[in-house]
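Visitor: Have a look at the structure that comes next, please.
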Amino acid sequence: MAVLKAVVLFILLVFILPTAATTVWWMLQERPNSWRSADWSASGVLPVVKDADDAAVYVMAARLGGLKGAISVHSWIVTKEKGAPRYNRYDVVGWGNPVRRNGYPADGRWYSNEPVIMHAVTGRQAEALIPRVEAAVNAYPYSRAGDYVVWPGPNSNSFVAWVLRQVPEIGARMPPNATGRDYAPGFFDIAWSPKTRDLHVTLGGFVGLAVGATSGFELHFLGVVAGIDVTEPAIKIPAFGRVDASILG
């Protein structure tokens, strides 16, 4: 009984309270009433194409709409060939055929929420990576209508995480509040990635952990993540996201 109480207290303090606090904060934010009234226009976060001749790969994310935005972001990938006149955006949505190319502006707001660039690769390195990114997008195993599952996945974040695992040279890290990023088929999955030097263990995407050079140390519970990053010092707060150690002083 004492062990059970300790586990319950741990879950309450580490996962439930931070998630509840983030939810309260999110509810106080001004948000559109529906997707129809939301702003999906370009945000101007990405460089103007005519001013950026180099090839580029971007990993981007923005908070979801409605109350889901308190818990998770929506992520996507943007590429641009050297000298190309436009960006290409790849993301997954929950209706029709999930994988979309240029369904929205490359740096478009998501349900009126401003996107952020999570990671960027430019120049010759991006030139070499873009064909591999496109091959990974085309090989995504959950690309048929009906494959999308909001939680625990596969969803939009599962898609971006898949591409990053196939092309680890991008060097991007999925944000900790990208619910679905750790999705794996089946009830139990354990995987070691020599490229990212990470060990992932999950029980159906509901409970799990990750340990390694890229992930640091993470505990996963019902889609939210708590943990620490050692190589780029930060703490990972459930629902809220990543907080760099420099901000904490």
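Visitor: Within the stretch 181-214, track down each residue that is in contact (Cβ under 8 Å) with a residue 24 or more places away in the chain and touching a strand residue (DSSP E or B) at 6+ places or on another chain (Cβ under 9 Å).
Guide: Hits for the stretch 181-214 are Arg181, Asp182, Tyr183, Ser193, Thr196, Gly204, Gly205, Phe206, Gly208, Ala210, Thr214.
Visitor: Based on what the data block shows, is Ala20 among the aliphatic types (A, V, I, L, M), within 19 Å of Phe240 (Cβ to Cβ) and free of Cβ contacts under 8 Å to residues at least 40 places away in the same chain?
Guide: Yes.
Visitor: Of all the strands (runs of 3 or more DSSP E) wholly in the stretch 1-99, which have at least 3 residues that are at pLDDT 95 or above, under 19 Å from the mean Cα position of the chain (by Cα) and among the aliphatic types (A, V, I, L, M)?
Guide: 56-63, 73-80
Visitor: Pairs, please: C-beta under 9 Å, at least 6 apart or cross-chain, first residue touching a residue at least 60 places away in the same chain (Cβ under 8 Å) and in the stretch 89-100, second surrounded by fewer than 21 Cβ atoms within 10 Å (Cβ to Cβ) and among the small types (Gly, Ala, Ser)?
Guide: Hits for this filter: Asp91/Gly103; Val92/Ser143; Val93/Gly103; Pro98/Ser143; Pro98/Ala145; Pro98/Gly146; Val99/Ser143.
Visitor: Report whether or not Ala191 is in contact with a His (Cβ under 6 Å, 6 or more places away or on another chain), surrounded by fewer than 22 Cβ atoms within 10 Å (Cβ to Cβ) and hydrophobic (A, V, I, L, M, F, W, C).
Guide: yes
Visitor: Just one of (1) in a loop (DSSP other than H, G, I, E, B); (2) surrounded by 15 or more Cβ atoms within 10 Å (Cβ to Cβ); (3) among the small types (Gly, Ala, Ser) trips up Gly186, so point out which.
Guide: Going through the list (1) in a loop (DSSP other than H, G, I, E, B); (2) surrounded by 15 or more Cβ atoms within 10 Å (Cβ to Cβ); (3) among the small types (Gly, Ala, Ser), Gly186 breaks only (2).
Visitor: Another question, if that's okay. Are any residues in the stretch 112-141 hydroxyl-bearing (Ser, Thr, Tyr) and part of a loop (DSSP other than H, G, I, E, B), and if so, which ones?
Guide: Ser112, Tyr140
Visitor: Test Pro105 against the criterion of being assigned to a loop (DSSP other than H, G, I, E, B), over 20 Å from Ser158 (Cα atoms) and touching a strand residue (DSSP E or B) at 6+ places or on another chain (Cβ under 7 Å), and give yes or no.
Guide: In short, yes.
Visitor: When you check Ala172 against the structure, is it assigned to a strand (DSSP E or B), buried (at least 18 other Cβ atoms within 10 Å of the Cβ) and of a type in the set (Gly, Ala, Ser), yes or no?
Guide: Spelling it out, it is not the case that Ala172 is assigned to a strand (DSSP E or B), buried (at least 18 other Cβ atoms within 10 Å of the Cβ) and of a type in the set (Gly, Ala, Ser).
Visitor: If I go through the stretch 213-227 residue by residue, how many of them are surrounded by fewer than 17 Cβ atoms within 10 Å (Cβ to Cβ) and in a strand (DSSP E or B)?
Guide: Looking only at that region, the number is 1.
Residues checked against (1) surrounded by fewer than 24 Cβ atoms within 10 Å (Cβ to Cβ); (2) more than 19 Å from Gly180 (Cα to Cα); (3) of a type in the set (Val, Ile, Thr):
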position	(1), (2), (3)
Ala55	yes, yes, no
Leu67	yes, no, no
Ile71	yes, no, yes
Trp76	no, no, no
Lys80	no, yes, no
Ala84	yes, yes, no
Arg89	yes, yes, no
Gly94	yes, no, no
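Visitor: Starting from the stretch 105-133, keep only residues that are under 25 Å from Gly65 (Cα atoms) and modelled with pLDDT of 95 or more, then list their pairs with residues that are of a type in the set (Val, Ile, Thr) and in a helix (DSSP H, G or I) whose Cβ atoms are within a distance under 9 Å, requiring at least 6 positions of separation or different chains.
Guide: Qualifying pairs under 9 Å: Ala106/Val49; His119/Ile170.
Visitor: For the stretch 194-208, which positions are crowded, with 19+ Cβ neighbours inside 10 Å and modelled with pLDDT of 85 or more?
Guide: Listed by number, the residues that qualify are Asp198, His200, Thr202, Gly208.
Visitor: A follow-up question, please. Go through (1) touching a Ser or Thr at 6+ places or on another chain (Cβ under 8 Å); (2) aliphatic (A, V, I, L, M); (3) free of Cβ contacts under 8 Å to residues at least 40 places away in the same chain and name the single condition Val160 misses.
Guide: Of (1) touching a Ser or Thr at 6+ places or on another chain (Cβ under 8 Å); (2) aliphatic (A, V, I, L, M); (3) free of Cβ contacts under 8 Å to residues at least 40 places away in the same chain, only one is false for Val160: (3).
The values are calculated or read from the model by the stated rules, or taken from the named source; none is laboratory data. Since we're looking at a predicted model, the values are computed, not measured. With ideal geometry, Cβ positions are generated from the backbone for all residues, glycine too; neighbour counts draw on all protein chains shown.
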